Amino acid sequence: SPAGTVILKGQVYGPQGNTLPNQTVSLIGSSGNPVATSTTDANGNYSIQTSPGTYNKLDINVSTGSGNAPSLNAPQYYDIYVTNYSLTQSTLLDITIPAKKASIHVQDASNNAVSNVQLDATTPNDSNSGGLSIGGNITNASGNSVYSASSISTDGSGNGDLWLLPTNSNHKYALIANPPSGTSFQSTSVPNFVITADTNVNITLTFFSKASIPY
């Protein structure tokens, strides 16, 4: 690299160890704007050439508007950042998105699986959970993750997987199951959902009651 510059490079991995393309790695300056940015290639590689110093943030997120595809086994949308990131010399930093898998099963009151149910996950006010380990001896990262409508739908067995960044009692998700149109089921949510490890979640859909039908 030219004199007076350093290089930050490495690969971005999903929670199952697969490399992730189309992830953005940025160094954020004091103004809050990116100073240097790189987007991972097909093999998850990124490389940033910049001036040495301490940056407001090291920020990692997905660069595509539609988010990560379900086949990547990574959060659809996420943002992970490290504040006051010091980069004084060229550094190899491999980053792992520390998401956990919520294996969701959707059924009716008779325990029959329900397919084609859209699964969402939201966090109030995009709240962030800290203490995330992302590699390179970084254990103090913060982040949030989100799934929007139509991203994941349950299969013929009523199952679907969401990859979510860990939370704690102060930072919780709301899981939402939106049944397919034309059915008598109503949307069902699991509020205050905390995930710290891979876990199984059962969601039982309920029917619209007469009291819930407007006249």
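The values are calculated or read from the model by the stated rules, or taken from the named source; none is laboratory data. This one's a predicted model, so the numbers in the text were calculated from it and none came from an experiment. In this analysis, Cβ positions are derived from the backbone assuming ideal geometry, glycine residues included, and neighbour counts consider all displayed protein chains. Accessible surface is based on the protein model in full, side chains and every heavy atom, while ligands, DNA and RNA are left aside. Shrake-Rupley method; radii C 1.70, N 1.55, O 1.52, S 1.80 Å.
For region 1-43, give the percent of accessible area contributed by carbon and sulfur heavy atoms, probe 1.4 Å, rounded to a whole number.
Result for region 1-43: 46 percent of the exposed heavy-atom area is carbon or sulfur.
Sorted from largest to smallest, which semi-axis lengths in Å does the alpha carbon gyration tensor of the chain give for its equivalent ellipsoid, taking the root of 5 times each eigenvalue?
Whole-Å semi-axes of the equivalent ellipsoid: 39, 16, 14.
With labels modelled as points extended 7 Å from the Cα through the Cβ direction, what inter-label distance (nm, one decimal) is found for ASN33 paired with ALA109?
Computed distance between label sites ASN33 and ALA109 equals 5.8 nm.
Between SER86 and ASN140, what is 0.36 nm times their sequence separation minus the Cα-Cα distance? Round to one decimal in nm.
Answer, rounded to one decimal: 18.1 nm.
Name all residues of region 157-175 having a backbone nitrogen under 19 Å from the label point set 7 Å from the Cα of THR199 along its Cα→Cβ direction, giving them as ranges.
Answer for region 157-175: 159-175.
Heavy-atom accessible area per residue, the chain, 1.4 Å probe: how many Å²?
Ligands and nucleic acids excluded, the figure is 48 Å² per residue.
Compute, for the chain, the length of the dipole vector about the Cα centre, with Cβ point charges of +1 (Lys, Arg) and -1 (Asp, Glu) only. Units Debye, rounded to 20.
It works out to roughly 220 debye.
Would you mind telling me the share, in percent, of accessible area of region 84-186 contributed by carbon and sulfur at probe 1.4 angstrom?
It is 39 percent, rounded to a whole number.
Would you list, by chain and number, the aspartates and glutamates whose Cα falls below 15 Å from the Cα of LYS101, excluding same-chain residues fewer than 8 positions away?
Leaving aside aspartates and glutamates fewer than 8 places away in the same chain, those within reach of LYS101 are ASP120, ASP161, ASP198.
Set the Förster radius R0 to 41 Å, insert the Cβ-Cβ distance between SER184 and SER47 as r into 1/(1 + (r/R0)^6), and round the FRET efficiency to 0.05.
Calculated transfer efficiency: 0.15.
Can you work out the PRE-style zone for ALA69? Point 7 Å along Cα to Cβ, and I want the residues of region 40-59 with backbone N under 20 Å.
Zone members listed by number: 40-46.
For region 58-120 and region 122-184, write down the distance between their C-alpha centroids in whole Å.
The distance from the Cα centre of region 58-120 to that of region 122-184 comes to 7 Å.
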